[in-house]
Amino acid sequence: MPGEFEYIAWLRSRTPADPRVLIGPGDDCAAIAPPSRPLLVTTDMLMDGTDFILTEVGPRRVGRKAMSANLSDIAAMAGVPTAVVVSVALPRDGRDLAAELYFGLRDVADAFGVAIVGGDTNSWDGKLVISVTALGEATARGPVTRSRAQPDDWLFVTGPLGGSILGHHLDFTPRVREALLLHEAVDLHAMIDISDGLAADLNHICEESHCGAVLTANAIPIADAARQLSHTSGKSPLQHALGDGEDFELAFAVSAEDGAKLLRTPPVPGLTKIGECVASGLWLEEDGQRKPLAPTGWVHQLG
């Protein structure tokens, strides 16, 4: 693709019409029919060398991850994703990767009925950078925040954790459908998608809810990749499950009554009770002993 305008024309020719999109790519702004409920907005930037290594994973998987990470944020608030804008800084010699990057974005967008309505494209002497901003709509029950967990709530996750660097961080499915089913079934007091690591992200819920949490070590579901990684990392599978990050499962808090309901009749597969909320502190209970748990996980360094 020889230039920006040719690339935009190519994108427009492959972007299907959507009744929610009043004006799509090609104008100065997109126009989208306003939602009837609160509008959700999230954005995430991925960089070659930090969030992926392009030469190892290829542009299509990068596009999938960029889209999925944003839809995972919408899922964390039990919302319905509707549209995205995408901005890309391509390496100067990277025009050939632009098409595959777009196809990766579309793979996930199409799976969740999300319209790609615009963005920006540029090139530079650096590595690939892609930024996606996603729009979503809250359900009739409203968005789920991180701030309503309370002592005696039960804590759950939607799937196994740890070892995502072995491939899951690129190929995961955002838990949009699971979040909506859970939101319909019970009163979700707080929820977060596990991007930084279970301990770190659960600590975010505790901070916003002004409470604490205790995790039961042998209840935490551990991914096979975490066990595989532990053979060479010097860490236990549990340590990987607690701190690796980019699992993109959901962690959430509900009342004990609703927690028992979820265990009796789970609306989605893979639900596991991993602990409870307490008055203060972050704790791990293992072999009958309760010890402080450091909120370790991925930390973005600035400067």
Here the qualifying pairs (Cβ atoms under 8 Å; residues six or more apart or on different chains; first in segment 45-69 and closer than 14 Å to PHE172 by Cα; second aromatic (Phe, Trp, Tyr) and assigned to a helix (DSSP H, G or I)) come out as ARG60/PHE103; GLY63/TYR102; GLY63/PHE103
In segment 62-78, anything among the small types (Gly, Ala, Ser), more than 8 Å from the chain's Cα centre (by Cα) and closer than 25 Å to HIS189 by Cβ is listed as ALA78
In segment 101-141, what residues are at positive phi and either at pLDDT below 95 or assigned by TED's automatic domain parsing to the domain that holds HIS183 (or both)?
GLY118, GLY119
Of all residues making up segment 98-149, the number that are assigned to a strand (DSSP E or B) and under 21 Å from the mean Cα position of the chain (by Cα)
14
With the first residue restricted to segment 156-171 and required to be within 17 Å of LEU238 (Cβ to Cβ), and the second required to be among the basic types (Lys, Arg), Cβ contacts under 9 Å at 6 or more apart or on different chains are VAL157/LYS273; GLY159/ARG175; GLY162/ARG227; GLY163/ARG227
So THR82, is it more than 20 Å from SER195 (Cα to Cα), in a strand (DSSP E or B), assigned by TED's automatic domain parsing to the domain that holds ILE130 and among the hydroxyl-bearing types (Ser, Thr, Tyr):
yes
The condition of being touching a His at 6+ places or on another chain (Cβ under 8 Å), assigned by TED's automatic domain parsing to the domain that holds LEU180 and in contact (Cβ under 8 Å) with a residue 12 or more places away in the chain holds, among ALA279, ALA226, only for ALA226
Those residues of segment 240-256 which are part of a helix (DSSP H, G or I) and crowded, with 17+ Cβ neighbours inside 10 Å amount to HIS240, ALA241, LEU242, GLY243
Residues to consider are SER36, SER13; find the one that is at pLDDT below 95, within 19 Å of ASP107 (Cα to Cα) and of a type in the set (S, T, N, Q).
SER13
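The values are calculated or read from the model by the stated rules, or taken from the named source; none is laboratory data. Here the structure is a predicted model, which means the values were calculated and not measured. Reconstructed Cβ throughout: ideal geometry from the backbone, glycine too, with neighbour counts over all protein chains shown.
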